[in-house]
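The values are calculated or read from the model by the stated rules, or taken from the named source; none is laboratory data. None of the values given here were measured: they were computed from a predicted structure. All Cβ positions, glycine included, derive from the backbone under ideal geometry; neighbour counts span all protein chains shown.
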Amino acid sequence: MQVLLQSEPKSNGTSSMAEHVGSVLHEALDRFDHHVTRVEAHLADAAGDEVHCTLEARLQGAVAVVVKDQAGSAHQALAGAVRKLKRAVGAAIAKQDPRRPSRATAVDPLPAEPLPADTLP
């Protein structure tokens, strides 16, 4: 899994932050490693003391999963976005699981033929 960090020039985009983002994402998405090909992390300073973190995970054979979070620091925003990304990636992979029952094959709860009149209450 490849991890890319993109940040604004004035935000905390140092190499130590890139290493931190990479280690946090590798640890959090370890169980999805064979499904996730790349994760892009975007950190941006917002108005006031807010930091926005957007994570975009590319899955094999599926559309990208994008989550966002904002907090008072880059570490807090990253932690919140990682929690959301784990849930979203897990849900996206579960939807692709061939063992997952399809709604189209669900059994109709109503009988195909009406009940005889003498069996009604």
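Tell me which of these His52 doesn't satisfy, since it passes every other one: (1) modelled with pLDDT of 85 or more; (2) surrounded by 12 or more Cβ atoms within 10 Å (Cβ to Cβ); (3) not in a strand (DSSP E or B).
Of (1) modelled with pLDDT of 85 or more; (2) surrounded by 12 or more Cβ atoms within 10 Å (Cβ to Cβ); (3) not in a strand (DSSP E or B), only one is false for His52: (3).
Within segment 56-77, does at least one residue satisfy the condition of being buried (at least 18 other Cβ atoms within 10 Å of the Cβ), assigned to a helix (DSSP H, G or I) and not β-branched (Val, Ile, Thr)?
Looking through segment 56-77, at least one residue is buried (at least 18 other Cβ atoms within 10 Å of the Cβ), assigned to a helix (DSSP H, G or I) and not β-branched (Val, Ile, Thr).
Please tell me if Leu110 is more than 19 Å from the chain's Cα centre (by Cα) and either closer than 19 Å to Gln6 by Cβ or modelled with pLDDT under 95 (or both).
Working: more than 19 Å from the chain's Cα centre (by Cα): yes; either closer than 19 Å to Gln6 by Cβ or modelled with pLDDT under 95 (or both): yes.
Criteria met by Leu110.
Let's see how each residue does on (1) buried (at least 16 other Cβ atoms within 10 Å of the Cβ); (2) at pLDDT 90 or above; (3) in contact with a Leu (Cβ under 9 Å, 6 or more places away or on another chain); (4) within 22 Å of Ala62 (Cβ to Cβ):
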| position | (1), (2), (3), (4) |
| --- | --- |
| Ser7 | yes, no, yes, no |
| Gly22 | yes, yes, yes, no |
| Asp33 | no, no, no, yes |
| Val39 | yes, yes, yes, yes |
| His42 | yes, yes, yes, yes |
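Could you grab me the full set of residues in segment 13-62 that are touching a residue at least 24 places away in the same chain (Cβ under 8 Å) and touching a Ser or Thr at 6+ places or on another chain (Cβ under 9 Å)?
Gly13, Met17, Glu40, Ala41, His42, Leu43, Ala44, Asp45, Val51, Ala57, Leu59, Gln60
Just checking, does segment 49-66 include any residue being more than 21 Å from Arg87 (Cα to Cα) and touching a strand residue (DSSP E or B) at 6+ places or on another chain (Cβ under 7 Å)?
Here is the first cut: in segment 49-66, the ones more than 21 Å from Arg87 (Cα to Cα) are 49-51.
From what's left, touching a strand residue (DSSP E or B) at 6+ places or on another chain (Cβ under 7 Å): 50-51.
Within segment 49-66, one or more residues are more than 21 Å from Arg87 (Cα to Cα) and touching a strand residue (DSSP E or B) at 6+ places or on another chain (Cβ under 7 Å).
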